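We did not get these values from a lab; they are worked out from the coordinates using the rules stated. Computed from a prediction, not measured in an experiment: that's the story for all the values here. Cβ atoms come from the backbone with ideal geometry, glycine included; neighbour counts cover every protein chain shown.
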Amino acid sequence: MQAGTEGQFILDVTCHQRPGDTACMVPHLEHAEGTMGHLPSEVVADAGYGSEQNYAWLEERGCDAYVKHNEFFRECRNSRWREDPMRPANWAYDGEADAYACPEGHTLSFRREEATRTDLGCESTTRVYVGEGCPACPLRGRCFRSKDPGAVRVLRVNPTLDAFKGRTSEMLHAERGSMLRRRRSVDVETIFGDIKRNWGFRRFLLRGLEKVDHEMRMVAMGHNIRKMAYALAV
């Protein structure tokens, strides 16, 4: 179940038959746009939604994406990981030769591009770089874990996703992004806790995605009416 909120009021809810959140963002926001008539200028979400497809979709529609990516927490809290010389993001890149240099000075040259497509139709391109001199490298055990003595390091880079991640990190670390990150946890998670814990709503009574969707909307309406009643009473 996906919910869009503001001020702890539920703006829109959608239900999906998917194991994770990543592929739910675009259908959820498309439904929200159809319901409200427009998209918000800023979209805030946690790391479960940080994918190339979601970043590109929000950019095309002029929305500022304050959406954490899967490495954001380690960027913030783990200086050892962030500064690790074995982390490919810290390796030197030669634009003219289109090659990376590992900490031991070995070259990883570009070999090919690999195209993939998500189940929602998003096309993504990964550039593949292959190392040289890896079998005899003293840092081999720290670099990769293949048991094949002749194996070499293969590095896969998605420039488009890396650019989105870098831009998103800058936005999230800025004053506006920091404020929105703090507000998101209070704004969104509170409504789930209220409905599940305080209301005791932990299981749908109906069956079938369409019926479950309607049932969840009734719950959301009740949540909003109660919030409005409290606000008017004050």
query: Is the range 7-112 best put as rounded, prolate or oblate by its Cα gyration tensor, with a ≥ b ≥ c the root eigenvalues, rounded for a/c under 1.5, and otherwise prolate when a/b is larger than b/c, oblate when not?
result: prolate
- line: Treating every alpha carbon of the chain as one equal point scatterer without solvent, the Debye formula yields log10 I(q)/I(0) values at q = 0.09 Å⁻¹ of -0.53
message: Give the lysines reachable from Lys68 as a straight Cα distance under 20 Å; neighbours fewer than 8 places away on the same chain don't count.
response: Lys165
- prompt: How far, in degrees from 0 to 90, does helix 175-193 lean away from the longest principal axis of the Cα atoms of the chain, to the nearest 10?
  reply: 50
query: Whole-Å semi-axes of the range 87-158's equivalent ellipsoid, largest first, each the root of 5 times a Cα gyration tensor eigenvalue?
result: 25, 15, 10
Estimated dipole of the chain in Debye, rounded to 20 [Cβ of Lys and Arg +1, of Asp and Glu -1, Cα centre]: 1140
- prompt: With the Cα gyration tensor of the range 156-216 giving a ≥ b ≥ c as the square roots of its eigenvalues, does the rule (a/c under 1.5 for rounded; else a/b larger than b/c for prolate; else oblate) give rounded, prolate or oblate?
  reply: oblate
- request: Within the set of other residues whose C-beta is less than 14 Å from the C-beta of Thr35, count the net charge using Lys and Arg as +1 and Asp and Glu as -1.
  value: -4
